[in-house]
1. Taking the Cα centre of the range 3-169 as origin, work out the dipole magnitude from +1 charges on Lys and Arg Cβ and -1 charges on Asp and Glu Cβ, in debye rounded to 20.
2. Can you give the FRET efficiency to the nearest 0.05 for residue 109 and residue 142, using r as the Cβ-Cβ distance and R₀ = 30 Å?
3. Between 0 and 90 degrees, rounded to the nearest ten: what's the tilt of helix 62-74 against the longest Cα principal axis of the chain?
4. Per residue of the chain, what 222 nm ellipticity follows from adding -39500 (n - 2.57) for every DSSP H run with n ≥ 4, rounded to the nearest 500?
5. Could you tell me which residue out of 149, 137, 170 lies farthest along the dipole of the chain toward its positive end? Charges go on the beta carbon: Lys and Arg +1, Asp and Glu -1, centred on the Cα centre.
6. For the Cα atoms of the chain, what angle does the longest principal axis make with the long axis of helix 150-169, in degrees from 0 to 90, nearest 10?
7. Run through the range 99-141 and list the trypsin sites (Lys or Arg not before Pro) located in a DSSP loop whose Cβ has at most 16 other Cβ atoms within 10 Å.
8. Using +1 at the Cβ of each Lys and Arg and -1 at the Cβ of each Asp and Glu in the chain, identify which of 35, 105, 54 lies farthest towards the dipole's positive end.
Amino acid sequence: MLAYVPDRSARTARCPHPGVKLPVSALVIVHTAQLRVLLLERADFPGHWQSVTGSQEPGETLKQTAERELEEETGIDARSYGGVIDWQWSNVYEIFPRWRHRYAAGMTHNTEHAFSLEVPDEIPVTLNPREHLTHAWLPWQDAAARCFSWSNRAAIEALPDRVATARSRG
């Protein structure tokens, strides 16, 4: 379940263990106005699909993390489309055992912060081949069903309401 976390978008990260990942990440749901969602197939876990996601680096705000990861993984410059939207929602999940070696010893959970970016259409994507094999633009329901991560799936399932609320506010 996603949980509300107030006023944390400007916080910057501090890493007590240089050389290891912080257990804080950004998830970026890239979508069109018609709610077609961009998904990426992981290179290190073929057959497993996700939205843009990545760990916060020391000194970054969460928004900077989201925008950096988006550009690194897809070549998309969020500023060209008005910037990412901070949902002010986060989720704590257990780090898959296959990836725990990337974190400090004994670290088992990550806090993921949700963002979104609306683009005008299914724009070109330039994948980082070390991270992803291919990409797909899917209707939000199909994208949610394809995600291997329950937290990513839950964020995509929340997308229609998020977009409708944002549009009603004008």
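Coordinate-derived values only; no laboratory data. What you see is a predicted model; the values in this text were computed from it and never measured. No Cβ is skipped: glycine too gets one built from the backbone with ideal geometry, and neighbour counts run over all protein chains shown.
1. For the range 3-169, the charge dipole is close to 420 debye.
2. E(calc), rounded to 0.05, equals 0.55.
3. Tilt of helix 62-74: around 70 degrees.
4. Result for the chain, helices only: -7500 deg cm²/dmol.
5. It is 149.
6. Value to nearest ten degrees: 50.
7. Passing both the DSSP loop test and the Cβ count: 130.
8. Positive-end residue among those listed: 105.
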